[in-house]
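A short write-up of the structure that comes next.
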Amino acid sequence: MSARQQPNVTGTRPPPWRDERVLRVAVQVAFLAGVGALLWLLGGNLVRNMRAQGMRTDFGFLDQPAGFALTGTDFSSRDSIGDALLVGLQNTIVVSIWGIILATVLGVLVGIARLSTNWLVRKCAAGYVEALRNVPLIVFLLFLYLAVLQRLPRINDAFDAGGFVFSNRGLYAPWVAVAENSGIFLAICAGALALAAIVGAWRTRRFDATGEPHHRVLWGGAAFLIVAGVAWAVLDRPVSITLPSLEGRNVSGGYELSVEHGALLLGLLLYMAAFIAEIVRGSILAVPKGQSEASHALGLGGFQRYRYVVLPQALRIAIPPTGNEFINLAKNSALGIAIAFPELLRVTRIAIGQGQPAPQLVGIMMLLYLAISLLLSVVVNLLNRRLTRRGA
Amino acid sequence: MRHRKFLTSLLVVPALVLAACNGDDGNGGDEPALPEDDGGEEVDAAEGEEDEAPPAEGTLAEVQSRGVLNCGVNDAVPGFGFLTAEGEYEGFDVEFCRAVAAAVLGDADAVEYTALTAEARFTALQAREIDVLIRNTTWTASRDGGESGSFTTTTFYDGQGMMVRSDDDYGSLDDMQDTVVCTLSGTTTELNLESVFVARGLDYEPLTFEDNDTLREAFLAERCDGWTSDKSQLAAFRAEWPEDEGGPDALTILDETMSKEPLGPVTLDGDVEWFDAVRWAVIVTIQAWEFEIDSSNVEEFLDVDPEEDPEVARFLGVDEFDAGLGLDPDFAVNVIQQVGNYQEIYERTVGPETALGLDPGFNTLWTEGGLLYAPPYR
């Protein structure tokens, strides 16, 4: 330290063009200036060329009526282009969130199955992972859409399996129908949940103080069910179940999942689950074997060993790479464009095809995808930090 | 030290890109790569000096120096623009690409085709990836305006129709309450469908696809009840309907015409010379039909006496009449010899004798009640 500062003290500091510290800063400043100049030049070039071709360079088009309709949404042709983009964004987010949740559940199960001591389970899981990981996602999506879901029964003779209707137009499931006073009911349910939490906390304190079995879940659940049940009866069924019913070519009631949406969701979740399974498998193997042996020595059974010793440690290893897969899944949802699902990329392309300016629309779309990815990585980082801190 | 070298090299790269951009300026983003266009690029490179010419140089000179026409077409509509199993483009629109190449370059085969989706077509034109777009494109105000396209003239007068399965018993559009209708996105069809159904107060669900192949699969699987598009295109798909699905008779095209769809070649705004060249390459095919000149008898007409038939002599450039279009005086002869007149093109690709069997409708000469009307060639 002092030896390096010596030259300064004695005044023999090298001239700036040979001083490494000055040069470092200078190079970085020059680099930034270069990048800035490049972007400025490209942007100027773009705007100049667009003007020369008589294309609009502002964002006013977002308020213009769209003129087209979008499948499976309330979006009408009188709504604006901006609204159309929002509908696309919403579809992307919905399919991504459901995909992430379901792919995680399936991935964890398959990952554990790959380490099973049962030969058949182990090989089946391995077959699933290898088959899916080695096919391009778009091929798999087209296969699901054209060769599987479109080969479901036609709508006229749709297959009705006790409330679940399958056809090549859509998949329908029982769903909740909400009455007008459902808002009050939902508020009461939220209150009941809080009550359940209080009851659970009380049982925990009691357990700590006296050692009697706490039965937190049982007590909390009972508290919730009693309050919610009474409210439901008093408010005269604010929330009920509707079953889809087929009349001619129309299905009323129930929840409708169009085959396009279904194919994309199924494709994304099955595909990404294969990658998550490999992460889970690797993470479990990365937990030192001694941990498992020690819990065995303590007399824990197979399930307990996983639940209390191995998985909590594996989870911490698995979270950062799994987060990457989440982001991948959200970005891959753009492949819905190939199977007529109106997600963000598709809506953007439709708008461009209808004469709206491409540079602005593509720019907006890229920013939105960037925002989704950054948001996901923030969530994963927070989760990661929380878990590692608790473990430390 | 190594660190510094790395950073300096980082600096060099953008500098090079900057230089490249500056060189490109005059042509207004001419280069944006045409991946499959190898032949054309080489010619460009060989005649680099031409490229440096002032921006005044238009597309016409550029195409002529390149020696090949970049034409944006469809590759999935039989009869109009279709890529055959042998890898050849054929169809009505493709014939007009060839006609433009014959007029501008004297060689109908000097065409580089680019297959475009409905959504990508105008972007490709704006990026100058293609010189002319001939891809069953409907002439509309906003395409003339906002899309900065210039519609040269109409090659095909079409109208939007609705195709349904014959056994569904839809007699007219009004029967199509609560149906699913398939269409291509990024088309005028998509917009007309919405306005017609909304105007008639019909509830329906539009299902829009990126490409005709996926749409066809969906219609085959009865994912949708109706398929709407230009009637000519519907006829093309109906003609090719697989026999095991009932053949063409399994489908019906409803009588109603939902819109006017004048289709024609499009060039980029701001290049009048090129616009005129493309427009007249089309017009001479119509004029030739009116003169009853076709590819088989054009040789005989070349002996015409300018005194006797000045119109034809002027048209064929026999008396060296030059209309000042920047084309050879005898460009019409090239077009007729190598491609044929409008009637020949029509009958070869979509006419009654072909699989499509399209009735000409408005697509016949004005003298016979059609809309084909060539301005005088003088």
Legend entry - Pair A:VAL25, A:GLN304: separation of 7 Å Cα→Cβ label points (nm): 6.4 nm
Legend entry - Spin-label pair A:ALA131/A:VAL362, simplified geometry with 7 Å Cα→Cβ offset, distance in nm: 3.8 nm
Inset, instruction - Output ³J(HN,Hα) for the range A:60-76: one whole-Hz value per residue in order, computed from phi by the Karplus curve 6.51 cos²θ - 1.76 cosθ + 1.60 with θ = phi - 60°, and x for Gly and Pro. - result: x, 4, 4, 8, 6, x, 6, x, 10, 10, 10, 4, x, 9, 7, 4, 10
Legend entry - Neighbourhood net charge (15 Å Cβ-Cβ; Lys/Arg +1, Asp/Glu -1) for B:ASN192: -2
Inset, instruction - Could you grab the relative contact order for the range A:175-242? Cα pairs under 8 Å, six or more apart, rounded to a whole percent. - result: 53 percent
Legend entry - Share, in percent, of DSSP beta bridges within the protein assembly as shown that are antiparallel, nearest 5: 70 percent
Inset, instruction - Taking H placed 1.01 Å from N in the peptide plane, check which residues at least 5 places from B:LEU207 or on another chain put their amide H under 5 Å from its amide H. - result: B:VAL181, B:CYS182, B:THR183
Legend entry - Interchain or long-range residues, amide H under 5 Å from B:ALA115's placed H: B:VAL73
Inset, instruction - Stick to the Cα atoms of the range A:1-135, pair each with every other, and give me the Kirkwood hydrodynamic radius in Å at one decimal. - result: 22.8 Å
Legend entry - Projected-area average for chain A over all orientations - Cα convex hull basis, square nanometres: 34.0 nm²
Legend entry - For the range A:191-196, 3J(HN,Hα) per residue [Karplus equation, 6.51 cos²θ - 1.76 cosθ + 1.60, θ = phi - 60°, Hz, x = Gly/Pro]: x, 5, 5, 4, 4, 4
Inset, instruction - Taking a cut-off of 19 Å between Cα atoms, list the aspartates and glutamates near B:LYS260, but don't count ones fewer than 8 places away on the same chain. - result: B:ASP93, B:ASP144, B:ASP158, B:GLU190, B:GLU194, B:ASP230, B:ASP359
Legend entry - Environment charge at A:THR57 (Cβ cut-off 11 Å; Lys +1, Arg +1, Asp -1, Glu -1): +2
Inset, instruction - For A:ALA177, list long-range residues whose amide hydrogen, built 1.01 Å from N in the peptide plane, is under 5 Å from its own amide hydrogen. - result: A:SER240, A:ILE241, A:THR242
Legend entry - Pair-distance profile P(r), taking every C-alpha pair of the range B:159-260, with 10 angstrom steps and integer %: 16, 56, 26, 1
Inset, instruction - Express as a percent, rounded to the nearest 5, the fraction of DSSP beta bridges in the range B:159-260 (both residues included) that run antiparallel. - result: 55 percent
Inset, instruction - With only alpha-carbon atoms counted, please give the Rg and Dmax of the range B:86-128, in Å. - result: 11.6, 32
Inset, instruction - Find, to one decimal place in angstroms, the Kirkwood hydrodynamic radius of the range A:151-302, where the mean of 1/r is taken over every pair of different Cα atoms and then inverted. - result: 20.5 Å
Inset, instruction - Can you check what the Kirkwood hydrodynamic radius comes to for the range B:318-378, Cα pairs only, in Å to one decimal? - result: 13.5 Å
Inset, instruction - Using all C-alpha to C-alpha distances in the protein assembly as shown, build P(r) with 20 Å bins and read off the rounded percent in each one. - result: 13, 36, 31, 16, 4, 0, 0
Inset, instruction - Answer rounded, prolate or oblate for the range A:175-242, using the Cα gyration tensor with square roots of eigenvalues a ≥ b ≥ c: rounded when a/c is under 1.5, else prolate when a/b is larger than b/c, else oblate. - result: prolate
Legend entry - Estimated [θ] at 222 nm from DSSP helical runs (n ≥ 4, -39500 (n - 2.57)) normalised by residues in chain B, nearest 500: -11000 deg cm²/dmol
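Per residue, how big is the convex hull of chain B when only Cα atoms are used? Give it in Å³.
185 Å³
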Inset, instruction - Work out from phi, with θ = phi - 60° and the Karplus expression 6.51 cos²θ - 1.76 cosθ + 1.60, the ³J(HN,Hα) of each residue of the range A:200-216, listed in order in whole Hz, and give x for Gly and Pro. - result: x, 5, 4, 5, 5, 4, 4, 4, 5, 7, 10, x, 6, x, 7, 6, 4
Inset, instruction - Find the centroid of the Cα atoms in the range B:188-262 and in the range A:253-282, then give the distance between the two in whole Å. - result: 31 Å
Legend entry - Rounded to 5, the percent of DSSP beta bridges in chain B classed as antiparallel: 55 percent
Legend entry - Computed over chain A: relative contact order in percent, which uses C-alpha pairs under 8 Å that are six or more apart: 21 percent
Legend entry - q = 0.20 Å⁻¹: log10 I(q)/I(0) that the Debye formula gives for the range B:111-213, counting C-alpha atoms only: -1.11
Legend entry - With eigenvalues of the C-alpha gyration tensor scaled by 5 and rooted, the range B:231-306, Å: 37, 22, 12
Legend entry - chain B, relative contact order in percent, only Cα pairs under 8 angstrom and at least six apart counted: 19 percent
Inset, instruction - Starting from the Cα of A:TRP17, step 7 Å along the direction of its Cβ; do the same at B:GLU353; then give the gap between the two resulting points in nm. - result: 8.1 nm
Inset, instruction - Sum -39500 (n - 2.57) across every DSSP H segment of at least 4 residues in chain A, then divide by the residue count to get the 222 nm mean residue ellipticity, nearest 500. - result: -22000 deg cm²/dmol
Legend entry - FRET efficiency, 1/(1 + (r/R0)^6) with R0 60 Å, evaluated for B:ASP305 and A:ASN45 via beta carbons: 0.60
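Computed from the coordinates by the stated procedures, all read-outs in this text should not be read as laboratory data. Only a predicted model underlies this, so the values are computations on that prediction, with no experimental measurement involved. Glycine also receives a Cβ, built like all others from the backbone with ideal geometry; neighbour counts cover every protein chain displayed.
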